[in-house]
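Reviewing the structure listed below.
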Amino acid sequence: MFNKLSAQNVSDTIFLLKEKSGLDIHNIFIDPNKDSKNYDLINNFNVFQNILNTKKLKFLDLPNKWIPLYIYNKNYYLYLACDCFDMRVGLTSHNILFEGCEITKHKIINLSKKNNLEYNVTYTNYNKKVYDRLEIHIIDKRKGIAIFKHIINKTEISYQLMLDSNKARSFPIIVNDCRYSKTIEFEFETMDFKKILNNLGQ
């Protein structure tokens, strides 16, 4: 597990791992530069052309572009993966879009605001015979942090820590730089999402 390795401080960059085997270079490091081009890679919603120039769904006061957020040493980080991105999410009034290794687009059946911190999105499933649901639970409105609860086929439940993409430069990035070959992704700390939501009354 990479996150058990000691960091090495070189200039302003903190290396969590440095490996070299022949021409193959593999570094994992914390990028502290708020002007880094790595933010542009993580926060790239070019495939979602119809939401590029908007920041939120105004009628719900809900950000419409979300990127994954992680915890390492009890601090929040963005992550630039070696291979595929973890799922980014884009919302319009009619569609929800997911982008990871692949891009999928689903028709929204219902989009509602339960209260100032909770939103529900019901959308078409892949087989279109049942509807899937996304619950968005805002846990820190100022920082733009939310827990996404995905309910697939009515029974498959997963959670994801997400960030309003407009807040991206508020957090440092952990970069998994694998130059010439794929490698294992960085392992972050796990969260008890159910407990967090229960404690917040959500």
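Observations, loosely collected:
- Here region 118-132 is the region considered, the condition is being touching a residue at least 24 places away in the same chain (Cβ under 8 Å) and either assigned to a strand (DSSP E or B) or in contact with a Leu (Cβ under 8 Å, 6 or more places away or on another chain) (or both), and the residue that is farthest from residue 97 (Cα to Cα) is 118.
- The single residue among 187, 156 that is touching a residue at least 12 places away in the same chain (Cβ under 8 Å) and of a type outside the set (Val, Ile, Thr) turns out to be 187.
- Of the residues contained in region 104-117, none is found to be more than 21 Å from residue 57 (Cα to Cα) and either in contact (Cβ under 8 Å) with a residue 40 or more places away in the chain or open to solvent by 80 Å² or more (accessible area, probe 1.4 Å) (or both).
- Filtered residue count, region 72-82, keeping only those that are touching a Phe, Trp or Tyr at 6+ places or on another chain (Cβ under 6 Å) and either at pLDDT below 85 or open to solvent by 20 Å² or more (accessible area, probe 1.4 Å) (or both): 3
- Single residue of region 1-37 satisfying the filter (touching a Ser or Thr at 6+ places or on another chain (Cβ under 9 Å) and within 18 Å of residue 170 (Cβ to Cβ)) that is modelled with the lowest pLDDT: 32
- Residue check, residue 67 modelled with pLDDT of 85 or more, among the β-branched types (Val, Ile, Thr) and either on the phi > 0 side of the Ramachandran plot or buried (at least 16 other Cβ atoms within 10 Å of the Cβ) (or both): yes
- Some residue of region 38-59 being over 18 Å from residue 165 (Cα atoms), open to solvent by 60 Å² or more (accessible area, probe 1.4 Å), modelled with pLDDT under 85 and of a type outside the set (Gly, Ala, Ser): yes
- Scanning region 132-160 for residues that are surrounded by fewer than 19 Cβ atoms within 10 Å (Cβ to Cβ) and of a type in the set (Phe, Trp, Tyr) yields a single hit, 159.
The values are calculated or read from the model by the stated rules, or taken from the named source; none is laboratory data. Everything numeric in this text was worked out from a predicted model, so none of it was measured. Methodologically, a virtual Cβ is constructed for each residue, glycine included, from the backbone with ideal geometry; neighbour enumeration extends over all protein chains shown. We work out accessible area using only protein heavy atoms, side chains counted, and drop any ligands, DNA or RNA first. Shrake-Rupley method; radii C 1.70, N 1.55, O 1.52, S 1.80 Å.
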